[in-house]
Each structure stands twice: as C-alpha cells, then as structure tokens.
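Comments concern the structure below.
The values are calculated or read from the model by the stated rules, or taken from the named source; none is laboratory data. Nothing here was measured: the structure is a model prediction, and the numbers come from that model. FYI the Cβ positions are ideal-geometry reconstructions off the backbone, even for glycines, and counts take in every protein chain you see.
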Amino acid sequence: MNIAILLVSYNSEKYLRASLGSLLGCPSIRVWAQDNNSSDDSAKILCELVEPENLILSEGNAGFAVAVNDLARRASEWSDVLVLLNPDASIEAEDVQALADVAANASIGAVGPYITMPAGVSRVASGGRLPTIWRMLCHLTGLSHLGGYFSGHYLTPSQLGADKTDVDWVTGACLAVRTDEFFRVGGMNERWFMYAEDIDFCRRLKAIGLRNRMVNVPCTHQLGASGERDRVNTVWVENLYDLYATYMAPSALHSLVWRAVVAAGFFGRSAIASLGHTQYSGDSGVKNSSAERYLAYAGAVLRAGKDGRLASERVPR
C-alpha cells in the first residue's frame, strides 16, 4: 500500500524535522509538502527533507485547504492512501501504516489517531460530533462529560474506546483517507483559509455512507503551533458557525439560535473563569486569562458574518 504524507508548512521550522524524521526512508511512505511563503527557514528545511518533485514552494499563502488539494493531486497517481499531517504533529512510520490499514477498509472514510499533547494530557479528544445546536450546548455547559446522548462537539478522552471510536469528524492535524474517497467527495473545501475544513470534509464522507473513525494509535500535536499568532485566535469558532449556517442549518432561525447558544456558553465560561483567574497560554505562548479568551470567542460568534466576509478572509496572508 502506497501512503502519501501531505504536509503544509507555515513558519514551522521548529517542528519539521521531528514531524518528518521517522517517516523518511520508508519504501511505502512518501512525503509531499508545500511551504506557504514562510518567513523563517521552513522552506530551507523542507528542501533538505523532501524530494524536489514532491515539494511546492509557494510565493503566497492561499490557505491550508488549497495547499492540501494541490498536494493531493500531485500524489494521486502514486498513492493509495493520503495522510494529512500538520508540521507540529509527530507520528511514527508504523503508526502511519496502522492508520492506513484502517482507512483501506471500504466502509471507512477518515481515520485519525488518539492525539495527545506533548505533556500527555488532553482535555478534549481530537474528534467528536458535528457542531449542531445540541452538541454545542452539551459541550459548552459540560453536559458532554456524561457521554452518550449528551456527547458534545468534542469527545473527552474518557469517552474513547480502548481500540477505536466511531465519530462524526477527526482533526486534520493527522487524518488518513483513501485517495479515491478524497476525490470522490471533492477534496478539502477551499471556502475557508484555515479551520473547519476537516470537519466539513468528514461531514461529506459521512453523507455518502462512510464511517469516520479514531483509533488507538499514538500521535503528539503541539496544538496551535503551526503559524503562531500573538492574539486570541477566534477564527476557528467563526468558521465553525459559517460551516453550520452554510451546510447544516435547516433555517436562518437555527443559525441565530446556534449563535445565541454558543455565545451564551462562552459568556458563562468567562464568568466562571474570572472567579478563578485562570491563565491560558495562547497560540504563541502569550498568557491570556481564560475569561478574556472566552469573551473573545463569544464576541466573535456574535459578529460572525456581519461584515459580509468569512473569518478566514480576515486572516493576514
């Protein structure tokens, strides 16, 4: 089985060698990579690690989905399975093979590992349920810890099976899928510059009758390290709303209710966090209080789409 690793880099020089090191030299694994005009030495490192014919050095940054689709087209003739891998994620070659073995099953769509943070502790799993009003309500109120009917948008680690867990979506930080199924559903949605495209991709796989699955295969992820920023990142929740409103909401009223529920949930979390003065290390390691972070999320949800542009269109290139 031929496995193509698809890696998109942006200012990721600190992680590239660790991410790709164990994957190089395996006959059944080849790496295709694109650097999106990094200002650090990411492109130089990729030139050392990746075969020239499998490397794209972009003069701009059109976003994650565009780059993945370009890489997938280049790898399509050789590959049986595509594995999307963030530059700040690390997985061993035998574990990539294990993901590909599961993805080879004709009833399976996307496959992801049980991702952990470098410290080995994760508050939420790297997959879960589609962001319906109910799932977001359960997630933001804490009902999701009850599991089952109350499962939230993100599952918790305690809700993962010993060997596998069927989910609605898995994160694009490390995602395996058969090459033919990738193109069957149209690849990654280029509507968004970044965030939400993995959930939407899995939603489309599920819509054609395939099961998305997480398996107990180890992978570590430096969450948020790819393309670091100095402010609270609200794009993910803005694009999550856009995904729901565009492709899932039965009516405009449902979209309004979604925004109200999610904003109220974050306002509530902010109020609780302010009592404990807890700190959160943001994407760039800058400390922000959890209360401030949740307030930023709530405000972003309430503003989402009001200026006529997607959140992804407001991300600096």
Exercise. Given the conditions (1) loosely packed, with under 15 Cβ neighbours inside 10 Å; (2) of a type in the set (D, E, K, R); (3) not in a loop (DSSP other than H, G, I, E, B), report the number of the one that Arg213 does not fulfil.
Key: (1)
Quiz prompt | Selection status of Asp95, free of Cβ contacts under 8 Å to residues at least 60 places away in the same chain and surrounded by 16 or more Cβ atoms within 10 Å (Cβ to Cβ) | solution = no
Quiz item: Do we find a residue being surrounded by 17 or more Cβ atoms within 10 Å (Cβ to Cβ), closer than 25 Å to Val167 by Cβ, in contact (Cβ under 8 Å) with a residue 24 or more places away in the chain and not basic (Lys, Arg) anywhere in segment 43-63?
Solution: yes
Quiz item: What are the residue pairs meeting all of these: first residue in segment 155-173, first residue under 20 Å from Leu140 (Cβ atoms), second residue crowded, with 19+ Cβ neighbours inside 10 Å and among the aliphatic types (A, V, I, L, M), Cβ atoms under 6 Å, and 6 or more apart or on different chains?
Solution: Leu155/Ala125; Pro157/Ala125; Val167/Met214; Asp168/Leu130; Trp169/Ile199
Exercise. Would you please name the residue that is nearest to Ala245 (Cα to Cα), looking only at residues in segment 102-133 that are out of contact with any helix residue (DSSP H, G or I) (no Cβ under 9 Å at 6 or more places or on another chain) and buried (at least 16 other Cβ atoms within 10 Å of the Cβ)?
Key: Ser126
Quiz item: What are the residues in segment 14-53 that are part of a loop (DSSP other than H, G, I, E, B), out of contact with any Lys or Arg (no Cβ under 8 Å at 6 or more places or on another chain) and at negative phi, if any?
Solution: Lys14, Tyr15, Leu24, Cys26, Pro27, Ser28, Ser38, Ser39, Asp40, Asp41, Val50
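Being small (Gly, Ala, Ser) and surrounded by 19 or more Cβ atoms within 10 Å (Cβ to Cβ) is the filter; apply it to segment 163-201 and report the residue that is nearest to Ile5 (Cα to Cα).
Ala176
Residue-by-condition table, conditions (1) of a type in the set (Gly, Ala, Ser); (2) closer than 29 Å to Thr165 by Cα:
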site: Ser39; (1), (2): yes, no
site: Asp70; (1), (2): no, no
site: Asp80; (1), (2): no, yes
site: Leu84; (1), (2): no, yes
site: Pro87; (1), (2): no, yes
site: Ala93; (1), (2): yes, yes
site: Ala100; (1), (2): yes, yes
site: Val111; (1), (2): no, yes
site: Met117; (1), (2): no, yes
Practice problem: May I ask you to verify whether Gly186 is assigned to a loop (DSSP other than H, G, I, E, B) and without any contact (Cβ under 8 Å) to a residue 40 or more places away in the chain? | Solution: yes
Quiz prompt | Selection count, segment 64-92, where residues are of a type in the set (S, T, N, Q), over 16 Å from Leu16 (Cβ atoms) and crowded, with 18+ Cβ neighbours inside 10 Å | solution = 2
Quiz prompt | segment 222-244: number of residues that are under 19 Å from Arg259 (Cα atoms), within 15 Å of the chain's Cα centre (by Cα) and either of a type in the set (Ser, Thr, Tyr) or modelled with pLDDT under 75 (or both) | solution = 1
Quiz item: Identify, please: which residue in segment 254-286 is outside any helix (DSSP H, G or I) and surrounded by 15 or more Cβ atoms within 10 Å (Cβ to Cβ) and is, among those, modelled with the lowest pLDDT?
Solution: Asp283
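Per-residue answers, yes or no, for (1) at pLDDT 95 or above; (2) hydrophobic (A, V, I, L, M, F, W, C); (3) touching a strand residue (DSSP E or B) at 6+ places or on another chain (Cβ under 9 Å):
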| residue | (1), (2), (3) |
| --- | --- |
| Ser19 | no, no, yes |
| Ser28 | yes, no, yes |
| Asp41 | yes, no, no |
| Leu57 | yes, yes, yes |
| Ala103 | yes, yes, yes |
| Ala106 | yes, yes, yes |
| Val111 | yes, yes, yes |
| Met117 | no, yes, yes |
| Val124 | no, yes, yes |
